[in-house]
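Please treat every number below as a calculation from the coordinates, not as lab data. The shown structure was predicted, so the numbers you read here are calculated from the model rather than taken from an experiment. Here the Cβ is made from the backbone with ideal geometry for all residues, glycine too, and neighbour counts use every protein chain on show.
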Amino acid sequence: MNHDIYDDRAMPDFEGDRPKRASENNLKLVAQGIGGNLALASAVTLTLLGGMVLVLVLSVVFILGSENPGVGLAISVVITLIFNIAAFFISPLLMDLTQRWLYQTRWVSLAEIANLSPETAEVIQRVCAAKKLKQPRLGIIDDQNPTAFTYGSLPNNARLVVSQGLFTYLDDEEIATVYAHELGHIVHWDFAVMTVASTLIQICYLIYSFARRMSYRGSSKSKSAFRNAALVAYIFYIIGSYLLLYLSRIREYFADRFAAENTGNPNALSRALVKIAYGIVEEGSKNQEQSRLLEGTRPLGIYDAKAATSTGTAYRIAASPEKVGRVFLWDLFNPWGWWMELNSTHPLTGKRVRALSTYAEQLGLTVEFEMGRVVAEGNKLNKKRLYSNFVGDVLLFRLEIVGLLLGFIVAVVLAQTFLSSQSAIAYPLMGFGLGVIIKSLVMYPQYSNAPETDVLELMSDPYASPLRGKPAKLEGHLIGRGQAGYKFGSDLKIQDRTGMLYLHYSSRFGPIGNFLFGMGRVQNLIGSQVNSHGWFRRGIMPWMDLVQLTTADGTVVNSYHRFWSFLLGFGAIALGLFLGFS
């Protein structure tokens with residue numbers, strides 16, 4: 001592994017007493033907790049999606065009661081199918097052109113891969129021979145952010161592309177497991193299955209659009225029937241979208257298992273995932289903008305770059321794998337982790353490492369990331385606090401709507417006595433305003449006594465929430481902007497001795513103020529030693545809502561996340577009081 005790029009920062013050394021791999025390859029492992037059969041998971045998902053489409057088509061046909069209106073729907077569905085079939089076979093060529101244009105992908109021989117990683121070349125040859133698979137076209141992108149992905153239409157015309165950063169940050173055996181993971185996607189026909197699933201979802205949306213248009217025509221009975229059909233179609237579309245995300249996550253798990261089975265080395269893939277996160281954090285600390293490669297290939301990559309901050313931060317300074325495991329507590333036990341994962345194409349890192357650790361145990365290996373200790377610590381967490389906070393946060397998310405509804409109920413109850421029509425509007429307004437203010441006070445609590453902390457300590461908090469802000473103070477360097485490729489972005493990245501965190505800025509003048517701040521002041525702040533305080537939040541990607549930033553030379557930057565909430569809340573209450581008592 002090349003350490004020259006790290007300046008004077010030493011990478012944590014996990015090389016000491018490394019567990020040995022299994023003595024055999026092409027093993028059979030049990031994927032506990034994620035379903036034991038990938039074909040079954042794919043078939044069930046595709047059957048559900050296909051069933052939704054069939055029900056919608058039949059319902060629309062029977063509702064129509066006419067020969068002509070359905071022709072438009074039929075033509076739309078046929079065109080969608082033809083377009084997707086054509087795109088299915090043409091897309092690899094279009095992707096090739098896109099890859100060359102955006103990332104200057106160069107296609108290489110297996111011999112060149114062998115020079116960079118001998119074990120990887122051996123794994124590619126062995127897997128292709130065992131699965132009777134044509135060797136995929138191999139590409140390398142000259143980018144130090146470590147990533148890997150595959151695309152294509154059929155297994156025998158697949159492309160397997162990695163970045164140069166993979167060879168920089170990972171060791172030979174770790175690179176081999178990443179390639180084996182990507183080969184798993186090819187062997188399992190993942191891009192074909194996902195294309196079919198996406199097509200079914202598109203058809204659901206077509207039926208929704210068609211039924212919605214038809215709901216404005218014909219008799220009142222026909223209009224009502226089409227409105228109902230449009231509602232059902234849209235519900236099926238939403239459900240289908242989440243089924244597609246679920247299928248994507250399941251296929252990542254099974255690609256991990258394929259790599260473990262065909263290398264006999266699940267520990268190396270666990271290590272690779274953590275090192276990839278570390279590499280993304282390291283590269284992010286050197287560049288003022290996020291990588292276009294990571295943003296552009298996020299759904300395809302082996303690792304969700306937005307989830308890299310916490311794991312990469314822990315690995316950056318941890319002296320042992322056990323300490324890295326603490327940041328996985330949030331992934332495994334915080335209900336917000338499950339909630340956030342619903343909208344992600346990738347499983348949370350802690351869950352993937354836990355599954356790989358299970359495979360290591362099945363193979364009789366010493367588990368490198370001892371997730372048993374993490375699970376034992378997680379079982380001691382205050383579950384009441386975890387879940388009550390989550391339920392409270394879910395209610396908090398729409399507290400202004402709750403306030404509006406409660407105000408409306410009060411208005412209805414009192415309307416039979418002495419209230420005027422103006423008063424009937426006043427109470428919902430006051431309820432709405434009160435909900436906004438309470439929500440703001442919980443999301444942005446008092447920060448004057450915020451403790452001094454560091455990024456790793458914040459990342460290791462299993463109770464962290466994306467809504468309930470945690471006051472904190474950080475000291476570090478501003479190393480760049482937060483938004484990928486946006487030269488006028490107002491968000492910042494701070495680096496302390498333990499890791500990197502995004503700082504979210506909010507001007508009192510709204511989006512225009514954010515733009516002016518990003519255009520005029522951010523560039524001068526980058527590179528400064530700063531003290532910052534704000535509210536830490538944890539989602540797929542952790543961040544801090546900035547309150548104030550002070551540079552070493554005395555420059556002060558104030559951020560106003562509560563300003564517009566308080567203005568809206570108190571404004572609604574004032575207007576309600578005026579209408580109610582005028």
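Give, in nm to one decimal, the length gained when the segment between Leu525 and Asn558 is fully stretched (0.36 nm per residue of separation minus the Cα-Cα distance). It would help to have the intermediate numbers written out before the result.
Values: separation 33, 0.36 × 33 = 11.88 nm, distance 1.32 nm.
Gain on extension, Leu525 to Asn558, equals 10.6 nm.
If amide hydrogens are placed 1.01 Å from N in the peptide plane, which non-local residues have theirs closer than 5 Å to the one on Asn145?
For Asn145, the qualifying residues are Gly165.
Would you mind calculating the gained length between Lys383 and Phe397 on full extension (0.36 nm times residue separation, minus the Cα-Cα distance), in nm to one decimal?
Details: separation 14, 0.36 × 14 = 5.04 nm, distance 2.09 nm.
Stretched out fully, the Lys383 to Phe397 stretch lengthens by 3.0 nm.
Where does each of 172-184, 400-412, 258-270 land if you order them by average Cβ count within 10 Å, highest first?
Values: 172-184: 25.4, 400-412: 18.2, 258-270: 27.1.
With the highest mean Cβ count within 10 Å placed first, the list reads 258-270, 172-184, 400-412.
Can you tell me the order of 107-114, 361-368 when each peptide is scored by its average per-residue count of other Cβ atoms within 10 angstrom, highest first? Before the final figure, lay out each step's value.
Numbers: 107-114: 13.8, 361-368: 16.8.
Ranking the peptides 107-114, 361-368 by packing returns 361-368, 107-114.
So what are the ³J(HN,Hα) numbers for region 492-505, from phi and the Karplus equation (6.51, -1.76, 1.60; θ = phi - 60°), rounded to whole Hz, Gly and Pro as x?
Here the 3J(HN,Hα) series is 10, 10, 10, 10, 10, 5, 10, x, 10, 8, 7, 10, 9, 9 Hz.
Please report the spacing between the Cα centers of region 479-524 and region 143-160 in Å, no decimals.
Using only Cα atoms, the two centres lie 33 Å from each other.
On a 20 Å Cα-Cα criterion, which of the cross-link pairs Lys473/Lys493; Lys286/Lys470; Lys134/Lys351; Lys275/Lys487; Lys380/Lys473; Lys380/Lys470 come out too long? Numbers along the way, then the final one.
Details: Lys473/Lys493 14 Å; Lys286/Lys470 27 Å; Lys134/Lys351 32 Å; Lys275/Lys487 29 Å; Lys380/Lys473 28 Å; Lys380/Lys470 22 Å.
Cα-Cα > 20 Å for Lys286/Lys470; Lys134/Lys351; Lys275/Lys487; Lys380/Lys473; Lys380/Lys470; rest within.
Can you pull out the trypsin sites (Lys or Arg not before Pro) in region 167-228 that DSSP calls coil and that have at most 11 other Cβ atoms within 10 Å?
Values: sites: Arg212, Arg213, Arg217, Lys221, Lys223, Arg227; in loops: Arg217.
Sites meeting the loop and neighbour criteria: Arg217.
D for region 455-561, whole µm²/s, Stokes-Einstein with Kirkwood Rh over alpha-carbon pairs at 10 °C and 1.306 mPa s: what number? Don't skip to the answer; put the middle values down first.
Working: Rh = 13.8 Å.
Answer, rounded: 115 µm²/s.
Give me Lys487, Lys275, Lys380, Lys351 sorted ascending by neighbouring Cβ count inside 10 Å, so fewest comes first.
Details: Lys487 12, Lys275 26, Lys380 7, Lys351 22.
With the sparsest Cβ surroundings first, the list reads Lys380, Lys487, Lys351, Lys275.
So who's got an amide H within less than 5 Å of the one on Gly480, skipping anything under 5 residues away but keeping other chains? H placed 1.01 Å off N, in plane.
Placed amide hydrogens put Lys493, Gly527 under 5 Å from Gly480.
Could you give the nm distance between label points at Thr98 and Val442, where each point is 7 Å from its Cα heading toward the beta carbon?
4.0
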